[in-house]
There are 2 protein chains.
Amino acid sequence: MAEQDRAAPERCCSYHTVQRRFPVLRWLPQYSLQWLQFDLVAGVTVGLTVVPQALAYAEVAGLPVQYGLYSSFMGCFVYCLLGTSKDVTLGPTAIMSLLVSAYAFHDPTYAILLTFLSGCIQLAMGLLHLGFLLDFIACPVIKGFTSAASITISFNQVKNILGLRDIPRQFFLQVYHTFRRIGETRAGDAVLGLACLAALVGLRAMKCHIPRIRRVELVSIRISRLIVWAAATARNALVVLFAGLVAYSFQVMGSQPFTLTGETPQGLPPFQLPPFFKATANSTVPFSEMVQELGAGLAVVPLMGLLETIAIAKAFASQNNYRIDPNQELLAMGLTNLLGSFVSSYPVTGSFGRTAVNAQTGVCTPAGGLITGILVLLSLAYLTSLFYYIPKAALAAVIICAVAPMFDAGIFRTLWRVKRLDLLPLAVTFLLCFWEVQYGIVAGVLVSGVLLLYTIARPRIKVSGQGVLLVQPASGLHFPAVEFFRDAMHRWALAASPPRCVILDCTHISSMDYTVVMGLADLLQEFQRRGVTLTFSALQAHVLQVLLSADLEGFQHFPSLEEAEKGHGVDLDGSSRVLLYNASRENMLPTSGLIQ
Amino acid sequence: MAEQDRAAPERCCSYHTVQRRFPVLRWLPQYSLQWLQFDLVAGVTVGLTVVPQALAYAEVAGLPVQYGLYSSFMGCFVYCLLGTSKDVTLGPTAIMSLLVSAYAFHDPTYAILLTFLSGCIQLAMGLLHLGFLLDFIACPVIKGFTSAASITISFNQVKNILGLRDIPRQFFLQVYHTFRRIGETRAGDAVLGLACLAALVGLRAMKCHIPRIRRVELVSIRISRLIVWAAATARNALVVLFAGLVAYSFQVMGSQPFTLTGETPQGLPPFQLPPFFKATANSTVPFSEMVQELGAGLAVVPLMGLLETIAIAKAFASQNNYRIDPNQELLAMGLTNLLGSFVSSYPVTGSFGRTAVNAQTGVCTPAGGLITGILVLLSLAYLTSLFYYIPKAALAAVIICAVAPMFDAGIFRTLWRVKRLDLLPLAVTFLLCFWEVQYGIVAGVLVSGVLLLYTIARPRIKVSGQGVLLVQPASGLHFPAVEFFRDAMHRWALAASPPRCVILDCTHISSMDYTVVMGLADLLQEFQRRGVTLTFSALQAHVLQVLLSADLEGFQHFPSLEEAEKGHGVDLDGSSRVLLYNASRENMLPTSGLIQ
């Protein structure tokens, strides 16, 4: 990529550049009937997954259910044109819905404005090539966040399984109120919810244990396996459909033991400008105030959306042997959100579950998304009246089964074994996410940043040698390490009596900033004042260039450690010369101290 | 120091520990008459500098002049007991006065509360050993700040030289209004101000050119040189005294062409609790609200105070061959501010100018400060009525001469030559400091932090070798670099056709976090999937430990690069084996690519 960028000016408006911006141009000319076949099957399968999930996630986001579907089709069309991964499907996801519920006050107006603004921010980030910002979100932070999110989202649905109402949004209050009012559980909802859960878990387990279909087997066995596979893959749709039928039967019989989704506006969403102000009964909230109220959401939502999409795209690209372009993904998602806000979508991102379904069914190009998008539009146009009968408990079961596997209990044990210090950002993120998602992420990023800076500010320094001291920083020297390094030099060389000459082995130093140069200049002066020398060895060419251009007084450099030792040997008395000549690096180790 | 800390538990309440907390115990038992002699001279000289400076800096801080003196004595006494540097003198300084004027709304109540809270924060930081935070303020940020401060403080005094009134505080408005109203210049102030400036510049120039007094010379020559030296050293006091006499003469003659300091309350400040609320004519501002109004000042003032003191202490410690303890300095300054707030002091810090005077006059112990403190108290007790006659223009000249040398024009040229990238934090700090001091510092720290993180996120990676690829990160791999590294490996090894085996030379990698381990695990999997190998070589022992504990699938390690090459040689066909055997690291360079 860096290479491509460097060469970019030459072919700014070439067909290649257009292809990079519209990856559809790469695969469309080669599109074949065989691909169409696979894409059709994958598109339909994903469609059967996305419709019930969309209804359920809208519930998580605290919005009316139709908004889930409004958010599910734009991504399919835009990604088909701009996406660089064949597998990724954009749409509503559990985590994004959780974020929307935290930032949009359960109000569609705010949610749609958030979509529009997130789209603009993501587009801008894509155009400015800011995708690299994601590099600063460390793995433990992501793990802590997803694990906490899986718990909060799951628990958020317990109230729907139990048929409880008016439970507050905040996690701790939710836990408290859910347990306090557990006696108010509605039997119908609870039975249906648990049954749906059991069915979903059972179908998923079956899917994991289907043996590969082999051509030598009987047709009847192959067909029965195909049915099981289809049922397991479309299990969300089946469970919701079945629960809806049960609820409908009860309705026809005149009783209704379930809490239902209820009235859903019929038809496609209007195509209109996103709301730039909010008119209430007796006042108008202007744009600036709405933006202020969205607050941190304007940073968290675009970044998390980006993070999810790119993490998923990279995972599947690696699995299926292709490369994605993070900045192009950013553009695709930005445009999806920007255009989505015109059709009342809430912010979308890449969905792990549906992307996995897409990949498993053997999708060949992003064209599969077109089929999914059309299915969603058809549902909106013709099926919304049927959504009335979908029991909320069934949707809750769908969500719980989708997010529960995101909880990674093993990560705590793994980190304890591999790198205990990384438990800190994990634990901070995990715990704070129960309080507020954004605090968790921000605190986790800060903690991992502080740990990183600590590593840089306190580099390991190996000190060895008799007579002349050999000082070897184990990693680069950057400005936060200067004072520490000077202290170490004082302690080991200047504060000794008599003061000792030092060879500074710069093998591991790959860059040097001005503060470090100044620190070394001061050290050189102090060494001169005490009548001892500080010699540099093994400087890399560009680092040497920096030091030379600083005109340091008394600066001495030897290309290699051996030459530096020889150079010092000449100035030393016999005994220490012998010691130095004999001292290979390994021999020095026993007398050495390791500072950190 | 780290060593001392490690051994601390053993001797927690020993005499040594008490000595560390009260460094006075180290030098007092050895105090001699000869030391007393030097300390006396130094104390008086510093006293003659601090009195006029204190009056002038109070003006910069936007407070009545007596507050400058109120702030000048506590530091002398406390530092005598707790300080670890013989040279440092704590008291009002130009930069701290500028900060106080920015945060304390020109209101003594806020200034004293700020002193109290800063003292508490500094004490807490000292007790928590947080002195290391200063490491994150890079040299270009400090240079940018001091250069900008020298300009703003100097220009702030131009209005006093010209005798202009009611000029706004904000720098840009100040420049505009000063030039717009330059016609209103009062002739008396302007003439006196410029005369004082000329006198100060002349005396300083003389001081620089006095030859060393030699014993062989005539007594008369030696005495005249001593007089010149004394006049040059106490030039601030002389100029202010002379200007005061001129003003007094005019007053006696019945006319007054100068703007005078005016009435100053007689006597020592009351010893009382710092103000925890502010009572105005018709309302009371409670503590919480005052704290809120002080805002960022509560971070900037303690940190900058700390920064100035420690920078100065380190500079003189290095010059005079002793070591200071940053955390003990922090305690000394914290206690000075804490106690100072009981005697109406505004925040103080180490003064570069007076510390230099102290060192030059040959002070031997911090006892010199006692003399200075007593001189200030005497001035407060008996001389305040005389302060009435001090012309403001004379004080302005004193300030301008004190801060002008802080402007370092050469730094821009030096950075251009040595490290161009560091011009960015310098320029950002320098320019933003004209707007608001704290924005400048914070932005500078952020920019230098971002540059540092960029270096870490985009390490140089040397790629060389034919057949088997040799990949050598030039510095450590930390989590922000993982994606970049994976991209590089894809581009150079996996995306090649056919995919290439890689030896990853980890010589420069001194630590590894979990995100990097996961990235390497993913890479190992991808290499296996393509049927090529990724071999690690030259891992440091503790890094190897981390990788082993992560149970990476397909992990292979050779202790040295040579063994790794041999190990691969066995699996390779003849031609590439020969190439690798012949390829020393230097020989590989011509065919290598350097990624950044």
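The values are calculated or read from the model by the stated rules, or taken from the named source; none is laboratory data. Just so we're clear, the structure is a prediction, and the values are computed from it rather than from any experiment. Please note: Cβ atoms are built from the backbone with ideal geometry, for glycine as well, and neighbour counts cover all protein chains shown. Keep in mind that these areas ignore ligands, DNA and RNA; they rest on the heavy atoms of the full protein, side chains included. Shrake-Rupley method; radii C 1.70, N 1.55, O 1.52, S 1.80 Å.
Descriptive notes on the structure:
- With N counted as the residues of segment B:284-432, its alpha-carbon radius of gyration over 2.2 N^0.38 Å works out to 1.30.
- Shape category assigned to segment A:99-249 from the gyration tensor of Cα positions, a/c cut at 1.5: oblate
- Annotation: per residue accessible area for segment A:101-166 equals 31 Å², rounded to a whole number [probe 1.4 Å, protein chains only].
- Shape of segment B:354-395 from the C-alpha gyration tensor: oblate (a/c of 1.5 or more and a/b not above b/c, with a ≥ b ≥ c the square roots of its eigenvalues).
- A loss of 40 Å² or more of accessible area (1.4 Å probe, protein heavy atoms, ligands and nucleic acids excluded) relative to the isolated chain is seen in these residues of segment A:126-172: A:Asp135, A:Phe136, A:Cys139.
- Given charges at Cβ of Lys, Arg, Asp, Glu: chain A dipole, positive-most of A:Thr455, A:Leu423, A:Ala42: A:Ala42
- Magnitude of the charge dipole, chain B, Cβ model with Lys/Arg +1 and Asp/Glu -1, debye to 20: 1920
- DSSP H segments from chain A that extend 15 Å or more along their own axis, Cα-based, with Kyte-Doolittle mean of 1.0 or above: A:33-61, A:108-127, A:187-208, A:219-233, A:235-252, A:297-319, A:368-378, A:392-403, A:423-435, A:437-457
- Shielded by partner chains, segment B:473-487 residues - at least 20 Å² of accessible area, 1.4 Å probe, vs chain alone: B:Ala474, B:Ser475, B:His478, B:Phe479, B:Pro480, B:Glu483, B:Asp487
- Residue mean of other protein chain beta carbons inside 10 Å, A:453-459: 5
- Accessible surface buried upon B-A contact (total; probe 1.4 Å; Å², nearest 100): 5500
- Protection proxy ranking for B:26-39, B:46-59, B:464-477, using the average of other Cβ atoms within 10 Å per residue and placing the highest first: B:46-59, B:464-477, B:26-39.
- Just the protein heavy atoms count here, and of the accessible area of segment B:102-148 at 1.4 Å, carbon and sulfur take up 79 percent.
- Only protein atoms count toward the accessible area here, which uses a 1.4 Å probe; on segment A:347-480, the carbon and sulfur part of that area reaches 70 percent.
- Where segment A:413-562 is the region considered: accessible area per residue in Å², 1.4 Å probe: 37
- Other copies of A:Leu40: label-to-label distances in nm, shortest first, labels 7 Å along the beta-carbon direction: 10.9
- Of the cross-linked pairs B:Lys143/B:Lys462; B:Lys314/B:Lys419; A:Lys143/A:Lys462, those separated by over 32 Å at the C-alpha level are B:Lys143/B:Lys462; A:Lys143/A:Lys462.
- Extension reserve of the B:Tyr322-B:Gln556 stretch, reckoned as 0.36 nm per residue once the Cα distance is removed: 79.2 nm
- Straight-distance crosslink candidates among aspartates and glutamates, where the alpha carbon sits under 19 Å from A:Lys278 and sequence neighbours closer than 8 are dropped: A:Asp107, A:Glu289, A:Glu293
- Cα shape, chain A, gyration tensor, a/c 1.5 rule: prolate
- The mean count of C-beta atoms from other chains within 10 Å of the C-beta of residues in B:418-425, rounded to a whole number, is 5.
- Going from the chain on its own to the full set of protein chains, segment A:513-536 has these residues losing 40 Å² or more of accessible surface (heavy atoms, 1.4 Å probe, no ligands, DNA or RNA): A:Tyr514, A:Thr515, A:Arg529, A:Arg530.
- Label spacing, shortest first and in nm, from A:Ala205 to its equivalents in the remaining copies (7 angstrom along Cα→Cβ): 9.6
- About the centre of its Cα atoms, segment A:395-541 shows a dipole size close to 520 debye [charges on the beta carbon of Lys, Arg (+1) and Asp, Glu (-1) only; nearest 20 debye].
- Hull shadow area, averaged, the protein assembly as shown [alpha-carbon convex hull, nm²]: 60.8
- Once the 1.4 Å probe is applied to the protein heavy atoms, segment B:192-302 comes out at 62 Å² accessible per residue.
- The mean number of partner chain beta-carbon atoms within 10 angstrom of a residue's beta-carbon across peptide B:544-550 is 2.
- Dipole magnitude of the protein assembly as shown, debye to nearest 20 (Cβ charges: Lys/Arg +1, Asp/Glu -1, about Cα centre): 340
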